[in-house]
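**Q** Below you will find the structure I want to go over with you.
The values are calculated or read from the model by the stated rules, or taken from the named source; none is laboratory data. Remember, it's a predicted structure, so these values are computed and weren't measured experimentally. Here the Cβ is made from the backbone with ideal geometry for all residues, glycine too, and neighbour counts use every protein chain on show.
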Amino acid sequence: MTIQVEPVAVVRSTRRELSDDGWDTEASFIELATHIDPVALTGLDTFSHCLVVGYFDRASEGSLIRHPRGNTTWPLVGIFAQRAKDRPNRLAVSVCAIDRIEDNRLHVRGLDFVDGTPILDIKPWMAEFGPRGDLRQPLWSKELMASYWSDTSAR
């Protein structure tokens, strides 16, 4: 089976390097591709957040099982049990806050994609699509995420 998609937008961000932490310090917006009429963004700013689907074009196909971030104190887990960028299809999802829309630009906060990342889709975030029931996650994932949004290692 062959699946073809065409980017609908591209990320413009202050972050150009592939690094893991401190994403809340980045300013970014999503700029629609020229073949997408900005009318497609109409009403999106009535939502507080959106889900962005991107393609990690600079990632490589990594191992299907590894220690997250190469940290051997964390367990060996499969790629589908982590959110690493080096995935079989290099697909990425991020929920980010919507600041404003200006023409063909969607200004957001908390988008963890680097400058130039192709965007495949944008959807409004609705609470009803969030998890239902109790959540669980392993301790190592909480440790990994400790500085993901705000880089506490620099303090």
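**Q** Filter region 46-64 for residues that are polar (S, T, N, Q) and in a loop (DSSP other than H, G, I, E, B) and give the result.
**A** 48, 60, 63
**Q** When you check residue 69 against the structure, is it more than 18 Å from residue 17 (Cα to Cα), within 18 Å of the chain's Cα centre (by Cα) and among the basic types (Lys, Arg), yes or no?
**A** In short, no.
**Q** Which of the residues belonging to region 69-114 are without any contact (Cβ under 8 Å) to a residue 12 or more places away in the chain and among the aromatic types (Phe, Trp, Tyr)?
**A** Hit for region 69-114 is 80, nothing else.
**Q** Just for strands (runs of 3 or more DSSP E) wholly inside region 65-155: which have at least 3 residues that are within 23 Å of residue 14 (Cβ to Cβ) and either touching a Cys at 6+ places or on another chain (Cβ under 8 Å) or among the small types (Gly, Ala, Ser) (or both)?
**A** 91-102, 105-109
**Q** Another question, then. State which residue is nearest to residue 83 (Cα to Cα) when the search covers only region 97-112 and only residues that are in contact with a helix residue (DSSP H, G or I) (Cβ under 9 Å, 6 or more places away or on another chain) and among the hydrophobic types (A, V, I, L, M, F, W, C).
**A** Once the filter is applied, the top-ranked residue is 111.
**Q** I would also like to ask the following. How many residues are in contact with a Gly (Cβ under 8 Å, 6 or more places away or on another chain) and either surrounded by 12 or more Cβ atoms within 10 Å (Cβ to Cβ) or at pLDDT below 90 (or both) if we restrict to region 61-75?
**A** 1
**Q** Can you find a residue that is under 14 Å from the mean Cα position of the chain (by Cα) and either buried (at least 16 other Cβ atoms within 10 Å of the Cβ) or assigned to a strand (DSSP E or B) (or both) anywhere in region 32-45?
**A** Looking through region 32-45, none of the residues is under 14 Å from the mean Cα position of the chain (by Cα) and either buried (at least 16 other Cβ atoms within 10 Å of the Cβ) or assigned to a strand (DSSP E or B) (or both).
**Q** Cβ-Cβ under 7 Å, sequence separation 6+ or interchain: first residue in region 115-140 and without any contact (Cβ under 8 Å) to a residue 12 or more places away in the chain, partner surrounded by fewer than 10 Cβ atoms within 10 Å (Cβ to Cβ). Which pairs?
**A** Listed pairs, sorted by first residue: none to list.
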